[in-house]
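To keep things clear, I will list the structure first and then write my remarks on it.
The values are calculated or read from the model by the stated rules, or taken from the named source; none is laboratory data. Computed from a predicted model, the values in this text were never measured in an experiment. Here the Cβ positions follow ideal geometry from the backbone for every residue, glycine too, while neighbour counts run over all protein chains shown. What goes into the accessible areas is simple: the full protein's heavy atoms, side chains included, and nothing from ligands, DNA or RNA. Shrake-Rupley method; radii C 1.70, N 1.55, O 1.52, S 1.80 Å.
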Amino acid sequence: AGVVATYNKLLCHQGLGIRVDAPGLQLMAELSVETGMMARGLKMIVGALVEDAVFNEAKGEIAFGLNEVRQAIDRVVSVDGGAMPGIAMSCP
């Protein structure tokens, strides 16, 4: 199962689901491969995407697009002090 599917399995117990559009998924995949973070990088990005929704106890399905993915990447880089090397250069 993919990272988004795994998060959906966990979140369904809270009545929450997430969906990431194709461009957002593409950006996450490219950055995870380019930085060598692979699944760990994907988990960090998806975790940043759902953080606010979980904290606010949101319900239903939340759709994330390319802009939200870029914002999540920015949060991961700023919180983890650049834990994903090269990410700032790769994300337009």
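Observations on the model:
- Taken over the stretch 1-36, the criterion of being hydrophobic (A, V, I, L, M, F, W, C) and touching a Lys or Arg at 6+ places or on another chain (Cβ under 9 Å) is satisfied by ALA1, VAL3, VAL4, LEU16, LEU27.
- Unmet requirement for GLY82, which otherwise passes all of (1) at pLDDT below 95; (2) open to solvent by 50 Å² or more (accessible area, probe 1.4 Å): (2)
- In the stretch 53-71, the residues that are exposed (fewer than 13 other Cβ atoms within 10 Å of the Cβ) and closer than 15 Å to ASN8 by Cα: GLU57, LYS59, GLY60, GLU61, ALA63
- Inside the stretch 25-50, residues that are in contact (Cβ under 8 Å) with a residue 40 or more places away in the chain, more than 13 Å from the chain's Cα centre (by Cα) and assigned to a helix (DSSP H, G or I) make up a count of 2.
- Residues in the stretch 1-42 that are surrounded by fewer than 16 Cβ atoms within 10 Å (Cβ to Cβ), within 19 Å of ILE62 (Cα to Cα) and not basic (Lys, Arg): GLY2, ALA5, THR6, LEU10, CYS12, HIS13, GLN14, GLY15, ASP21, ALA22, PRO23, GLN26.
- Residues of the stretch 4-24 satisfying the condition of being in contact with a Gly (Cβ under 9 Å, 6 or more places away or on another chain) and either in contact (Cβ under 8 Å) with a residue 60 or more places away in the chain or part of a helix (DSSP H, G or I) (or both): TYR7, ASN8, LEU11, PRO23, GLY24
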